[in-house]
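What follows is a set of notes on a single structure, which appears directly below.
The values are calculated or read from the model by the stated rules, or taken from the named source; none is laboratory data. What you are looking at is a predicted structure, and each value in this text was computed from that prediction instead of being measured. Using ideal geometry, Cβ is built from the backbone for each residue, glycine included, and neighbour counts are taken over all protein chains shown.
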Amino acid sequence: MKQKTDVLQGTLALMVLKTLDVLGPQHGYGIARRIEQISGDLLAVNQGTLYPVLLKLEQEGAIASEWGASENNRRARFYRLTRPGRKQLQAETKDWEQTAAIIGRFFDAKAEDWS
Amino acid sequence: MKSLRRFLSRLGHFVTRRRDDERLREEIAEHLALQTAENLRAGLSPVAAHRQAMLKFGGVEAIKQDYRAQRGLPLIENLLGDLRNAARTISRMPGLATVIIVSLSIGIGVNTTIFSWIQMILFQPLPAVSGASNFLMVEPRSETGGYPGAAWLEYRDLQTRMPALREVVASEMVPFNVGAPGQTERTHGQLVSGNYFSALGLKPAIGRFIQLEEAERSGTEPVVVISYDYWQTRFRGAPTALGQTLRVNDRDLIVIGVAPRDFQGTMVPLKFELWVPATMTPALLGGVRDLEDRTSRAFSLIGMLKPGATRQEAQAEFTTAMAQLARDYPDASAGIGGEILPFWDSPRGPQRLIISGLAISKALCCSCFWRSAATPQTSCSLVEAPASARWPCASRLALDAGALPAWCSPKTCSSLCSEQASGLPSPSGAPLHCASPQ
């Protein structure tokens, strides 16, 4: 059985932004399912922890929300990315890629590179 | 910018928090319904499907707490919650609440009075007089421990025998009947020595004060200085008050000046309206012999230390002078010594009583606190509280258990208790301090 990984501080917000960027407006459950699917069920995250993150992003203006009808025809809150949210996503994606590239270089480094 | 936007949003959510709670509840319900539906499609039984959905979602209450902490202004919300809780507790025990409220009201009232007194006695013993704390009371003291006051002739002698004091002024408190016979009004005033106003360093609001020579010869200068309030209420603040005649104890006195706005005399905490030269005493008080009789100790004396002189020097001079007077006038002065006292230690008025009362109340307060600290009873359990509720709970405990000891340390308590045990603060002792870390 695969070991589940804890989510790093702040990365859940980035995942939410990216999900909304790719899929368009989604309700909380849709976002949670998407994160699970993409991560291959490897993240040890209770779905409920998503809601405080959604609230924080909404307070910061990165996302907006409104009521709509879910697939089972019930009232659900739909979240969508805003223009500042898209900018934030771009900036954070760049930061993340840069960090990952640096860490990647460390992992790729061979013994002779350290001398 | 992001932080400001978040703060404004929190403020908005604080107002709409009930609606937001409902929104979260609805979102969670919808989330669980969707997850349950998916579990059912995967072949789970309805019960198992719902159970799995709940497990996957996580602790609903903990998430709600996190959400609330993120959403509004938790500190204010907790405070409001505590207030609501307090109101409910009070409504459950109205009798006890009434007793507590009445006790607190009385306590606050008494405390306010006491601290006003302390402020007045320690820091402003003579309102409107700058450097009033430099003045000391010159108090003859009998063998039996009483403070009989000074005789006029004794005052004249002491003026020249106490070089450590720059000035010694005398005043006698007297009730006056002001107005024509049949229409008199009871007013209180002081009969004062000629240097009274100049020694206090006062400037008149209008007019002039009593001159030195106006209090030299008996009954010759029928003048009066009135208080600012008396000027405002009886003369409507008109400058024409100067030169007018006041009928005082069936004698006409000419108004020569008005005292500064806040000046109320030199016998704290009493407030006087009129000041008349002491040499008018026989004329105003029906021929009493206060100015000639050494056994008539009607005057109170205060003096100001010369620069560089100490209270101990003044005390030594006073003791010597009183011993000499006892030898010179044994009939009037035998067995009379004297003390130089600060205003806060005045034998007249409630100063000593208040200061000792304050010490007792502080000692009781400390003792009550430490007794309650020894048997803590609180409805707020830190161990049982959920993680997100621990901070408000801990802050309440910290307030209960931290603030009081910080204000009233065990050392303070013991020092107060020992001060109390040793009786009143000694005349030469330092003023009462709450905290005295060593």
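Overview of values
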| quantity | calculated |
| --- | --- |
| Residues located in the stretch A:56-90, provided they are loosely packed, with under 11 Cβ neighbours inside 10 Å and assigned to a loop (DSSP other than H, G, I, E, B) | A:N72, A:N73 |
| Flag if B:G43 is outside any helix (DSSP H, G or I) and without any contact (Cβ under 8 Å) to a residue 12 or more places away in the chain | yes |
| Matching residues, the stretch A:84-109, being of a type outside the set (A, V, I, L, M) and within 14 Å of chain B (Cβ to nearest Cβ) | A:P84, A:G85, A:K87, A:Q88, A:E92 |
| The listed residue being in contact with a strand residue (DSSP E or B) (Cβ under 8 Å, 6 or more places away or on another chain) and facing chain A (nearest Cβ under 10 Å), out of B:R6, B:R68, B:R23, B:R10 | B:R23 |
| Residue that is modelled with the lowest pLDDT, among those in the stretch A:1-15 that are within 11 Å of A:E92 (Cβ to Cβ) and in a helix (DSSP H, G or I) | A:T11 |
| Single residue of the stretch B:239-294 satisfying the filter (surrounded by fewer than 22 Cβ atoms within 10 Å (Cβ to Cβ) and of a type in the set (D, E)) that is nearest to B:S130 (Cα to Cα) | B:D262 |
| Number of the exception - A:T93 against (1) at pLDDT below 90; (2) surrounded by 13 or more Cβ atoms within 10 Å (Cβ to Cβ) | (1) |
| Selected residue [under 22 Å from B:I210 (Cβ atoms) and not in a loop (DSSP other than H, G, I, E, B)] from B:G338, B:G257 | B:G257 |
| Complete set of residues in the stretch B:194-247 that are within 21 Å of B:L301 (Cβ to Cβ) and among the acidic types (D, E) | B:E213, B:E214, B:E216 |
| Selected residue (criterion: farthest from the other protein chains (Cβ to nearest Cβ)) from residues of the stretch B:41-65 that are more than 20 Å from A:I31 (Cα to Cα) and of a type outside the set (G, A, S) | B:V47 |
| Answer from A:E60, A:E112 - the residue that is within 11 Å of another protein chain (Cβ to nearest Cβ) and either at negative phi or among the small types (G, A, S) (or both) | A:E60 |
| Check on A:V53, modelled with pLDDT under 85, out of contact with any strand residue (DSSP E or B) (no Cβ under 7 Å at 6 or more places or on another chain) and within 11 Å of chain B (Cβ to nearest Cβ) | no |
| Selected residue [away from chain B (no Cβ under 14 Å), at positive phi and modelled with pLDDT of 90 or more] from A:G24, A:G40 | A:G24 |
| Counted residues, the stretch A:29-55 - those being crowded, with 19+ Cβ neighbours inside 10 Å and not in a helix (DSSP H, G or I) | 1 |
| Check on B:L32, aliphatic (A, V, I, L, M), modelled with pLDDT of 90 or more, within 17 Å of A:Y51 (Cβ to Cβ) and more than 53 Å from the chain's Cα centre (by Cα) | yes |
| Residue in the stretch B:13-20 that is modelled with pLDDT under 75, in a helix (DSSP H, G or I) and within 9 Å of chain A (Cβ to nearest Cβ) present | yes |
| Failed item, numbered, when B:L80 is tested on (1) farther than 30 Å from B:A259 by Cα; (2) touching a residue at least 40 places away in the same chain (Cβ under 8 Å); (3) not β-branched (V, I, T) | (2) |
| The stretch B:185-204 - residue that is surrounded by fewer than 18 Cβ atoms within 10 Å (Cβ to Cβ) and either outside the structural domain of B:P277 (by TED's automatic domain parsing) or small (G, A, S) (or both) and, of those, farthest from the chain's Cα centre (by Cα) | B:S198 |
| Looking only at the stretch B:71-81, and only at residues there that are more than 9 Å from chain A (Cβ to nearest Cβ) and surrounded by 14 or more Cβ atoms within 10 Å (Cβ to Cβ), the one that is nearest to A:K56 (Cα to Cα) | B:G72 |
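Per-residue answers, yes or no, for (1) of a type in the set (D, E, K, R); (2) touching a helix residue (DSSP H, G or I) at 6+ places or on another chain (Cβ under 8 Å); (3) not in a loop (DSSP other than H, G, I, E, B):
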| residue | (1), (2), (3) |
| --- | --- |
| B:E221 | yes, yes, no |
| B:T233 | no, no, yes |
| B:F263 | no, yes, no |
| B:T266 | no, yes, no |
| B:T279 | no, yes, yes |
| B:P282 | no, no, yes |
| B:S300 | no, no, yes |
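Matching residues to (1) on the phi > 0 side of the Ramachandran plot; (2) outside any strand (DSSP E or B); (3) surrounded by fewer than 17 Cβ atoms within 10 Å (Cβ to Cβ); (4) touching a residue at least 12 places away in the same chain (Cβ under 8 Å):
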{"site": "B:Y67", "(1), (2), (3), (4)": "no, yes, no, yes"}
{"site": "B:A87", "(1), (2), (3), (4)": "no, yes, yes, no"}
{"site": "B:T98", "(1), (2), (3), (4)": "no, yes, yes, no"}
{"site": "B:S105", "(1), (2), (3), (4)": "no, yes, yes, no"}
{"site": "B:W117", "(1), (2), (3), (4)": "no, yes, no, yes"}
{"site": "B:P127", "(1), (2), (3), (4)": "no, yes, yes, yes"}
{"site": "B:S133", "(1), (2), (3), (4)": "no, yes, yes, yes"}
{"site": "B:E139", "(1), (2), (3), (4)": "no, no, no, yes"}
{"site": "B:L158", "(1), (2), (3), (4)": "no, yes, no, yes"}
